[in-house]
Amino acid sequence: MAKIIIPTPLRKFTGNASTFETKGNTVKEAIGELVHSHPNLSRHILDDQNNIRSFIRVYLGENDINELEKEETSVLDNETISIVPAIAGGIA
Amino acid sequence: MTDIKLSAQEMARYARHIAIPEFNVEGQKKLKAAKVLVIGSGGLGSPVLLYLAAAGVGHLGIVDFDVVDDSNLQRQVLFTVDDVGKSKAETAKKRLHALNPHIKITVHNTRLTKENALDLINQYDIVADGTDNFPTRYLVNDACVLSGKTNVYASIFRFEGQVSVFNYLNEDGTRGPNYRDMFPEPPPPGLVPNCAEGGVLGVLPGIIGSLQACEVIKVITGIGEPLAGRIFLFDAASFTTRTLKVNKNPKTKITELINYEQFCGILPTNVSEVKEITVKELYHLQVQSTDFQLIDVREPYEYEIANLEGELIPLGAIAESAERISRDKKVIIHCRSGKRSADAIRELESLHGFDNLYNLKGGILAWSKEIDSEIPTY
């Protein structure tokens, strides 16, 4: 099983779960399983055409999937997918 | 560095730096020659400024227009109880001068805007970005790219922090990735709450801001490998760290400063007005025992801090809770300041056709100020 790490701002849509185990063979399948289990997460990760939104980066291991084979990137057992959103806090 | 001299006092002060072989007197002189602009003197700015001042960065600029508030003291370690109500930047300057009288500190007691950003940033060598909102993040990034300055970036939310070195000058003269290469567009308003709404563990900016200060020192002295082309993520809750690669995006084009509020959707051009009610009018409705429904769209933890005994339906759940909202009497919706409740009304009106919803102007903060000072503000 591969693992998806859910970033803090999106955990309110996963019942506060910080990780998600997936059997998906590609990033697309893995994200598909994730949003299937947590439907409220969908519109925050995917746009109307089911593409990953531009304010979210998705990584396999330490690499941006845009530098690999994008959403078709293969995912092996024990690999980690990171969803990385922009966060803005600092001063307030 | 030949024209930079360290006095005997400075040599004694920085002895533990100078003892590091890679650092030596040369590294300390580089710090003394450096000019760093720290944007925001709050959670991140506090450790950044304290450590850069202690380390002997010769000229520190502080951009902050805010004043110290009680709720800052949980993490903004520059300030004390006596400072509440005073200018953050001026207070920081006094504290830092007491820490290190050998350095110059310039206060910019102003909000960073597209009008002043380039002028301010051009006066410095490096920028440390510790702001708290997306428009300023993009403004700082774009101004750094346009003026050719390295932007040492850090950001925090609850238990999570991010650090990176953007627009770093490589040895071959090219620039490393910047914030827009990582995040071409901001998230829509409301998805990622700021620290005031979302909360932050007080010690987290201490950790992340210290890493930010460390990267500033590395960039100035040329020691080690800066966190350029990479982003460091820290989750204090699970104690996990990740360092991910950041690549340049050929589509990123920054040619001028823009309207960042609009870019971040904070001043959308076509947002519909919502009907409003003031806290005084709400008070009269209560006194007259008028039949109305009061809904609170904040988060449960906010409700625990203070509430007006409204029904709690957090903004994220409002669209699917339409059946709990009355259609045949006045419904007043409130949040902390009135912004989230306005968003809730727009969502309910557009998805479910409500026409009886009123936004409580100024939210629970206005209620505390004008009606009942026993209601705590946060």
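Bear in mind that the values in this text are calculations on the coordinates, not laboratory data. All values derive from a computational prediction rather than experimental measurement. Here the Cβ is made from the backbone with ideal geometry for all residues, glycine too, and neighbour counts use every protein chain on show.
Cross-link reach is defined here as a Cα-Cα straight distance under 29 Å, omitting same-chain residues fewer than 8 places apart; for A:Lys28 the lysines meeting it are A:Lys3, A:Lys12, A:Lys70, B:Lys245, B:Lys248, B:Lys251, B:Lys253. Could you point to the residue in A:Thr80, B:Phe292, B:Val165 farthest towards the positive end of the protein assembly as shown's charge dipole, with +1 and -1 charges on the Cβ of Lys/Arg and Asp/Glu respectively? Most positive-ward Cα: B:Val165. When the pairs B:Lys32/B:Lys218; B:Lys275/B:Lys369; B:Lys5/B:Lys93 are compared against a 19 Å limit on Cα-Cα distance, B:Lys275/B:Lys369; B:Lys5/B:Lys93 fall above it. For the range B:34-263, the share of DSSP beta bridges that are antiparallel, to the nearest 5, is 50%. Of all aspartates and glutamates in the structure, the ones whose alpha carbon falls short of 17 Å from that of B:Lys94, not counting any fewer than 8 places away in one chain, are B:Asp64, B:Asp66, B:Asp82, B:Asp83. Of all aspartates and glutamates in the structure, the ones whose alpha carbon falls short of 16 Å from that of B:Lys30, not counting any fewer than 8 places away in one chain, are B:Asp3, B:Glu10, B:Glu22, B:Asp125, B:Glu215.
In terms of other Cβ atoms within 10 Å, B:Glu22, B:Glu185 run from fewest to most in the order B:Glu22, B:Glu185. When only Cα pairs below 8 angstrom with a gap of at least 6 residues are kept, the range A:3-92 shows a relative contact order of 35 percent.
For the residues B:Thr80, A:Thr80, what sequence is obtained by ranking on other C-beta atoms within 10 Å, fewest first?
B:Thr80, A:Thr80
Each DSSP beta bridge with both residues in the protein assembly as shown is either parallel or antiparallel, and the antiparallel ones are about 50%.
Once C-alpha pairs closer than 8 Å and six or more residues apart are averaged by separation and normalised to the residue number of chain B, the relative contact order reads 13 percent.
Per-residue Cβ neighbour counts within 10 Å put B:Tyr179, B:Tyr303, B:Tyr153 in the sequence B:Tyr303, B:Tyr179, B:Tyr153, beginning with the fewest.
Between B:Ala8 and B:Gln123, what is the FRET efficiency for a Förster distance of 35 Å, r being their Cβ-Cβ separation, to the nearest 0.05? About 0.70, to the nearest 0.05. Helix-only arithmetic for the protein assembly as shown: the sum of -39500 (n - 2.57) across DSSP H runs with n ≥ 4, divided by the residue total, places the mean residue ellipticity at 222 nm at -8500 deg cm²/dmol.
Around the amide H of B:Asp296, modelled in the peptide plane, lie the amide H atoms of B:Glu311, B:Leu312, B:Ile313, B:His334, all under 5 Å away and 5 or more residues distant in sequence or on another chain.
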